[in-house]
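Right, one structure below, let's go through it.
The values are calculated or read from the model by the stated rules, or taken from the named source; none is laboratory data. This structure is a prediction, so every number in the text was calculated from the model and none was measured. So basically every Cβ, Gly included, is an ideal-geometry build from the backbone, and we count neighbours across all protein chains shown. Surface accessibility is based on the protein's heavy atoms, side chains included, excluding ligands, DNA and RNA. Shrake-Rupley method; radii C 1.70, N 1.55, O 1.52, S 1.80 Å.
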Amino acid sequence: MSEDPRENAARYRTQKWAREQGISGERERESESTESTPETAESAPETCAATPTASDRAAFVEVAIQQAIRRGDFDDLPGAGKPLDLGRPNDPDWWIRRKIESERLTGLGPPAIMLRVEDLELEDRLDAIGSEQNVREHLEDFNRRVRHARMQLLGGPPVVTALRDVDAEVGRWRERRAARAEASARAASAPPRRRRWWRRR
């Protein structure tokens, strides 16, 4: 029976790597001793000497990691030195929500995920609205879409977004708006900073 050329190529690469790492001496001597007698050569499978063991694979991975560290492949990675953000606990769709938030995707994904993203950004959207009537209409539309998504039986992730209390949200919107107006009034009434004489032109 003819040998598979792909298997021979894989065996050659494995043996070459093992010789470079200095971990193949004992195995080559064992394979030579077993191949010297036809009885043992026939009884032992051919792939035993060529198939890398778990320790060989672990050594290969460790060498590859150390080489990558020396090359600096792991330097300046995003999020280096920061704790892993695993999302909300017991949230099976955390990766979809994170993708939508990071890419700022709109109009994509199941309603449950889109409503979660909109719920997180709802206060910023309300603050961009100038009239109280429009704020109430926006909140009522948000609650209507949450109720509609809860009644759908199309599958997908469950809708866990809570309804918003319109009156309470309008009250918080007024407070934030008043705080911004007060801050801008203080900034306008503050005396201008005098420039130092050596910076004057």
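A compact table of results
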{"quantity": "Length released on extending from residue 66 to residue 20, taking residue separation times 0.36 nm less the Cα-Cα span", "calculated": "15.0 nm"}
{"quantity": "By accessible area with a 1.4 Å probe, ligands and nucleic acids excluded, highest first: order of 102, 131", "calculated": "102, 131"}
{"quantity": "Computed accessible area, residue 99, all protein chains, 1.4 angstrom probe, square angstrom", "calculated": "100 Å²"}
{"quantity": "Cα-projected label distance for residue 183 with residue 151, points at 7 Å along beta-carbon direction, nm", "calculated": "4.0 nm"}
{"quantity": "Solvent exposure ordering (accessible area, 1.4 Å, most first) of 148, 138", "calculated": "148, 138"}
{"quantity": "Exposure rank, largest accessible area first [151, 114; 1.4 Å]", "calculated": "151, 114"}
